Amino acid sequence: MDTMLAGRVHLDTKKFLVEEIPVPEPGPGEVLIEVKAAGVCLSDLHLIDGSISPVHLKSDVLTLGHEISGDVHALGPGLKRGLAVGTRVALQAGQPCRECATCVRGGRCTSFRGRGVDYDGGWSQYTVAREDTVVPIPDALPFDQAAIIPDAVSTSYAALVETVQVRSAQSVGIWGVGGVGAHAVRLARMMGASPIIAVDPLPGARERALAFGADIALDPTDPGFAEAVLRATDGMGLDHAFDFAGVPRVREQASPLLGDHGALVLVGITMEPLTISEKMTFNLKNKKVYGHYGSSFEHVYELIRLAGSGRLDLAPSITGHIPLAEASEAIHRLEHKIGDPIRLILVP
């Protein structure tokens, strides 16, 4: 039996190991992907430390990885799309269940399964993918850039273009300029938002935000922070504030800085309760709060088109490449922010 390396978390012991396991075989409606690049996300770390628990997983052992690209290596029976061996592809970060009431009606799945969360992901030399989750990519788009589009880029894209539909000349505050927030800065720039105010306590992250297109980069601990935001928005406050950090105090800081009909968008995940202590001005100014999670399949197709045509250059987002066998080092670097990574890429 053929075997391969895979980066796997043992959920019962919270241990991560790179192990040798059998190469999976594609079933009906599935293809086998030879993985070329796999992104390392904070969600992967949260699965290891137990702060995120799979809902639908039927095992205590899980191959991590939901940001994947590669080549179609083998075809399962009963395919409907005409996928060919050798096709360069990215994989959607999960798949709808096809069984819940909203799936049956053609809506957004209420029982969505995350790749590398609810079933084995792509921190491996090969991975199986359902054919509807396979997205062909153009030859001009490198594997490492294609891999991070589902999630690292598409989550911020969906938050901007769908959850609040950012328009040209609207003011945007982006709290947390890490692996997802950094892309929000670049995408807000593409959409014509103005001003774009990046907020992060790390000097390196603020420098990166300016390089990615922010008009201003502020330290949230600065005593003059609120006044600086109001000056930048001509005293009007923000049209949209995005919490990409998942930190409760971000919400408390951002809410009073929203202008009339301003929206606070919660993208970063936290286990802490949602509290907003702002009083009557929240009502008087008709402010709103939106929760946001992930993206749709169509967002990934749109971003691949933008990146493949050169409209969106994701090369600056790739912090480094690490062999799959050394995945523990990638986890260490991300956990301790060594080199202030946007996205580290595992290469099988």
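The values are calculated or read from the model by the stated rules, or taken from the named source; none is laboratory data. For clarity, every value in this text was computed on a predicted model and none was experimentally measured. Heads up, the Cβs are rebuilt from the backbone with ideal geometry, glycines too, and the neighbour counts pull from every protein chain shown.
Got at least one residue in segment 265-280 being outside the structural domain of residue 338 (by TED's automatic domain parsing), under 21 Å from the mean Cα position of the chain (by Cα) and not in a loop (DSSP other than H, G, I, E, B)? Yes: segment 265-280 contains one or more residues that are outside the structural domain of residue 338 (by TED's automatic domain parsing), under 21 Å from the mean Cα position of the chain (by Cα) and not in a loop (DSSP other than H, G, I, E, B). Within segment 93-124, the set of residues being under 22 Å from residue 344 (Cα atoms) and either over 22 Å from the mean Cα position of the chain (by Cα) or in a loop (DSSP other than H, G, I, E, B) (or both) comprises 93, 116, 117, 120, 121, 122, 123.
Within segment 295-308, how many residues are out of contact with any helix residue (DSSP H, G or I) (no Cβ under 9 Å at 6 or more places or on another chain) and in contact (Cβ under 8 Å) with a residue 60 or more places away in the chain? Adding up the residues that qualify gives 1. Please indicate, with yes or no, whether at least one residue in segment 9-26 is more than 22 Å from residue 319 (Cβ to Cβ), of a type in the set (Lys, Arg) and within 24 Å of the chain's Cα centre (by Cα). Yes, segment 9-26 contains a residue that is more than 22 Å from residue 319 (Cβ to Cβ), of a type in the set (Lys, Arg) and within 24 Å of the chain's Cα centre (by Cα).
Here is a yes/no grid of residues against (1) under 20 Å from residue 38 (Cα atoms); (2) out of contact with any helix residue (DSSP H, G or I) (no Cβ under 7 Å at 6 or more places or on another chain); (3) not acidic (Asp, Glu):
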| site | (1), (2), (3) |
| --- | --- |
| 81 | no, no, yes |
| 93 | yes, no, yes |
| 103 | no, yes, yes |
| 107 | no, yes, yes |
| 140 | yes, no, yes |
| 149 | yes, no, yes |
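Can you work out which of the residues in segment 278-294 that are touching a helix residue (DSSP H, G or I) at 6+ places or on another chain (Cβ under 6 Å) and within 19 Å of residue 259 (Cβ to Cβ) is surrounded by the most Cβ atoms within 10 Å (Cβ to Cβ)? Step by step, filter segment 278-294, then rank; the result is 278. For the condition part of a helix (DSSP H, G or I), at pLDDT below 95 and under 30 Å from residue 97 (Cα atoms), residue 298 qualifies.
Rundown of residues vs (1) touching a residue at least 24 places away in the same chain (Cβ under 8 Å); (2) under 30 Å from residue 307 (Cα atoms); (3) not assigned by TED's automatic domain parsing to the domain that holds residue 25, yes/no style:
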site	(1), (2), (3)
57	yes, no, no
68	yes, yes, no
80	yes, yes, no
92	yes, yes, no
99	no, no, no
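Each residue in segment 160-198 was checked for being more than 17 Å from residue 229 (Cα to Cα), hydroxyl-bearing (Ser, Thr, Tyr) and more than 17 Å from the chain's Cα centre (by Cα), and 1 of them qualify. Mind checking which residues of segment 190-205 are modelled with pLDDT under 95 and outside any loop (DSSP other than H, G, I, E, B)? Within segment 190-205, 190, 203, 204, 205 qualify. Residues considered: 172, 135. Of these, the only one that is modelled with pLDDT of 95 or more, touching a His at 6+ places or on another chain (Cβ under 6 Å) and on the phi < 0 side of the Ramachandran plot is 172. Counting only residues that are in a helix (DSSP H, G or I) and loosely packed, with under 15 Cβ neighbours inside 10 Å, segment 208-224 holds 1 of them. In the set (1) at pLDDT 90 or above; (2) of a type outside the set (Asp, Glu); (3) part of a helix (DSSP H, G or I), the condition left unmet by residue 283 is number (1).
Yes/no matrix, rows are residues, columns are (1) aliphatic (A, V, I, L, M); (2) within 20 Å of residue 314 (Cβ to Cβ); (3) in contact (Cβ under 8 Å) with a residue 40 or more places away in the chain:
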position: 110; (1), (2), (3): no, no, no
position: 143; (1), (2), (3): no, yes, yes
position: 147; (1), (2), (3): yes, yes, yes
position: 150; (1), (2), (3): no, yes, yes
position: 164; (1), (2), (3): yes, no, yes
position: 167; (1), (2), (3): no, no, no
position: 170; (1), (2), (3): no, no, yes
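Exactly one residue among 77, 54 is within 24 Å of residue 19 (Cβ to Cβ) and either modelled with pLDDT under 95 or loosely packed, with under 15 Cβ neighbours inside 10 Å (or both), and that residue is 54.
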